[in-house]
Amino acid sequence: MTPEVSIVVLNFNGKDYLKKCLESLERQSYKNFEVIVSDNNSSDGSGEMVKKEFPKARLIRNHANYGVSKGYNVGVAAAKGKYVATLANDMSLDRGWIKEAVKALKENPQAATAGSFIQNSKEGYYKGKKWYGCYLDLLGNPVAPNPDAKYIFGPSGAIIKKEIVGIPYDESFFYSGDEIYLGWKTLFLGYRTILANKAKLFHEGRV
């Protein structure tokens, strides 16, 4: 059976985080999905861990550290699902994350992209803050949206309608800028980015 949803998890030397992420995917209430791990040439045994402990996941071993945008794009290109999510390895998913993210896109035909509610860890840069993606101010700077907003600009914890968005990211952005680029691409295609506040992610990392 062809999966309706593809989850692309990007990894670079984050074996312990990756394991938690994949474990949370195994607990999802929604079942018709595939998992693709796009590994940016890790040297910490991440690939071996995936093959041994998560044999249902598809592992793509990139030949170098492609960075965020290209690493995600490799996984999206291989995805079979109608809906495709791009997640960092240090994200753990609420049990209903896939269900709620897909529901938000299905119920909003004007939306081609959805962003998630993210609760950051108590350590590191974000220090426990909630995050909902971003708006842009008049100068083009990202600003935090109202958490009750229906639409946002740049999605964090993004899931897309692949038939509309296609390959989502500009590969010239090695580390950051992917969310802003996806927001612009969605807008230029004539669609909106919706905030799927019931789709909850937990950011375990420090940055």
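The values are calculated or read from the model by the stated rules, or taken from the named source; none is laboratory data. Keep in mind that this is a model prediction, so the values were computed, not measured. For neighbour counting, all protein chains shown are included, and Cβ atoms are generated from backbone atoms with ideal geometry for every residue, glycine included. Accessible surface is based on the protein model in full, side chains and every heavy atom, while ligands, DNA and RNA are left aside. Shrake-Rupley method; radii C 1.70, N 1.55, O 1.52, S 1.80 Å.
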Practice task
Using the Cα centre as the reference, give the magnitude of the dipole from point charges on the C-beta atoms of region 65-145 (Lys, Arg: +1; Asp, Glu: -1; all else neutral), rounded to the nearest 20 debye.
Solution key: 220
Problem - Solvent-accessible area of Ser92 with every protein chain in place, 1.4 Å probe, in Å² to the nearest 10 - result: 20
Problem - Spatially proximal aspartates and glutamates relative to Lys51 (Cα-Cα < 13 Å; intrachain offsets below 8 disregarded) - result: Asp39
Practice task
Please work out the Kirkwood hydrodynamic radius for region 1-106, using every pair of different C-alpha atoms, and report it in angstroms with one decimal place.
Solution key: 13.6
Exercise for the section: Express the carbon and sulfur contribution to the solvent-accessible surface of the chain as a percent, rounded to the nearest whole number, probe 1.4 angstrom. Expected result: 53
Handout entry: Value in Å of the Kirkwood radius, where region 128-188 supplies the Cα pairs that are averaged
Key = 12.4
Completion exercise
Quick calc, region 25-92, dipole around Cα centre from Cβ unit charges on Lys, Arg (+) and Asp, Glu (-), nearest 20 debye, gives 340
Fill in the blank from the handout: Checked region 31-169 with the C-alpha gyration tensor, a ≥ b ≥ c its square-rooted eigenvalues, rounded below a/c of 1.5, otherwise prolate if a/b is larger than b/c and oblate if not; verdict prolate
Completion exercise
Place a point 7 Å from the Cα of Glu107 in the direction of its beta carbon; the residues of region 152-189 whose amide N falls under 14 Å from it are none
Practice task
Note down the magnitude of the dipole of region 30-183 about its Cα centre, charges +1 on Lys and Arg C-beta and -1 on Asp and Glu C-beta and zero elsewhere, to the nearest 20 debye.
Solution key: 600
Fill in the blank from the handout: Counting sequence-distant residues (5 or more places) and residues on other chains, those with an amide H built under 5 Å from that of Ser42 are Asn13
Exercise for the section: Send over the Kirkwood Rh of region 59-139, from the inverse of the averaged 1/r over different Cα pairs, rounded to one decimal Å. Expected result: 15.3
Handout entry: region 96-207: radius of gyration and largest Cα-Cα distance (Dmax), Å
Key = 13.5, 38
Fill in the blank from the handout: Taking a crude spin-label model, label points 7 Å out from Cα along the C-beta direction, the Tyr151 to Thr2 distance in nm is 3.0
Handout entry: Gyration tensor (alpha-carbon) shape descriptor, region 1-42, a/c threshold 1.5
Key = oblate
Fill in the blank from the handout: With the charge dipole of the chain built from beta-carbon charges (+1 for Lys and Arg, -1 for Asp and Glu) about the Cα centre, the Cα from Asn120, Leu136, Ser69 projecting farthest to the positive end belongs to Asn120
Fill in the blank from the handout: Calculated from DSSP helices alone, with each H run of at least 4 adding -39500 (n - 2.57) and the total divided by the residues of the chain, [θ]222 nm to the nearest 500 comes to -8000 deg cm²/dmol
